[in-house]
1. If each residue of separation counts as 0.36 nm, what is the full-extension length gain between Thr160 and Glu46 once their alpha-carbon separation is subtracted?
2. Just grab the label-to-label distance for His96 and Asn137, each label 7 Å out from Cα along the Cβ direction, in nm (one decimal).
3. Between Glu15 and Glu221, what FRET efficiency follows from the Cβ-Cβ distance if R0 is 35 Å, with the result rounded to 0.05?
4. Viscosity 1.002 mPa s, temperature 20 °C: Stokes-Einstein D of region 237-295 from its Kirkwood Cα radius, in µm² per second?
5. Run the numbers for Lys285 and Trp262: contour at 0.36 nm per residue of separation, minus the present Cα-Cα distance, in nm.
6. Report the charge-dipole magnitude of the chain in Debye, nearest 20, computed about the Cα centre from +1 at each Lys and Arg Cβ and -1 at each Asp and Glu Cβ.
7. What whole number of Å gives the distance from the Cα centroid of region 219-296 to the Cα centroid of region 88-104?
8. When only C-alpha pairs under 8 Å and at least 6 residues apart count, what is the relative contact order of the chain, in percent?
Amino acid sequence: MKDYEGTGTALALIEQSRPGDWDVFVVDSVDVPRVIEAGLLAPLPEAEFPWADIFPELRQENLHFEDGKMYAAPEKFGYNTLAYNKAKADPADMRHTPVLWDPKYKGKIAVYDYYIPLMGMVAIGLGMNPSDIAEANLPQIKEKLFKIKDNAALVGDVVTSQTALATGQVDLITGGGEYVTAGLHKDNPDLDWVLPDDDGVRWMQAIGVFAASEKQELAKEFVKYILSPEGQARLATSSCYWAMPANSKAALTSEQKQVLRWDEQPGFIAKSYPYFIPGPELDAKMLEVWTEFLQH
């Protein structure tokens, strides 16, 4: 098992590995097409997987299928929004993305270090759709990112920012969501998250089998288990972080569903944008801006 931040890192790791080193790949759904194009995934027999049980809005064949064949299936999803301590941050403020560059929260913000959702959130705060991001409006996005950095106590990975919120070092996490607070809710009910009124960003992971795996049948069985109602319930409430299972029949308790806000999902999905994946040139420019933001 190897975890990684960002698909580019995973692809570099695979390139350095021997064929057969890896069996199963969990990757952002938006990146599945390029992984298929690279010939890394084996087709899966659709009839053996619970495709019909996956929430309808997540069954995006344009991402998970190629030439009528299934190569991956969604397994977990959630939101990059605002996670916060409601004993310290005003819940009314959290309903508006521009709060991120409000000096009121100077020194009180942790920033999740991943440029795609964060720049998407800034675009939303500027009244744009994340897919409107273009070279022409990058200066506007950069200006707001720098203001967020001025408010930031730290920029870090999931665990670093989650720890900062749990220990009271910060009052809110930009890019945070249910995956940050759901597992901590029992110990500290003041930790909460919100999808702002001006919408948010939705992440989704998919799971597939490596074409080079020497254990195709075993790997396939593992993927089947992960997508089964029992596997989905365990994945959704795993110790690393809680998030929504992609399978609508996940065997969760009513208490677990309440923490994950199961009944509110149709509204959340409707009010959120999937990750915007830029073309190579724009991607390089966005990364440039993000590097400047980190150094600011």
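Values in this text are rule-based calculations from the coordinates and carry no lab data. Values in this document were obtained by computation on a predicted structure and should not be read as measured data. Note that we place each Cβ from the backbone using ideal geometry, even for glycine, and neighbour counts take in every protein chain shown.
1. Full extension of this stretch gives 37.2 nm more.
2. Rounded to a tenth, the inter-label distance reads 1.9 nm.
3. Rounded to the nearest 0.05, the efficiency is 0.80.
4. D = 145 µm²/s.
5. This chain segment gains 4.5 nm when fully extended.
6. 640 debye
7. 24 Å
8. Working: 508 pairs, mean separation 87.6, N = 296.
Computed over the chain, the figure is 30 percent.
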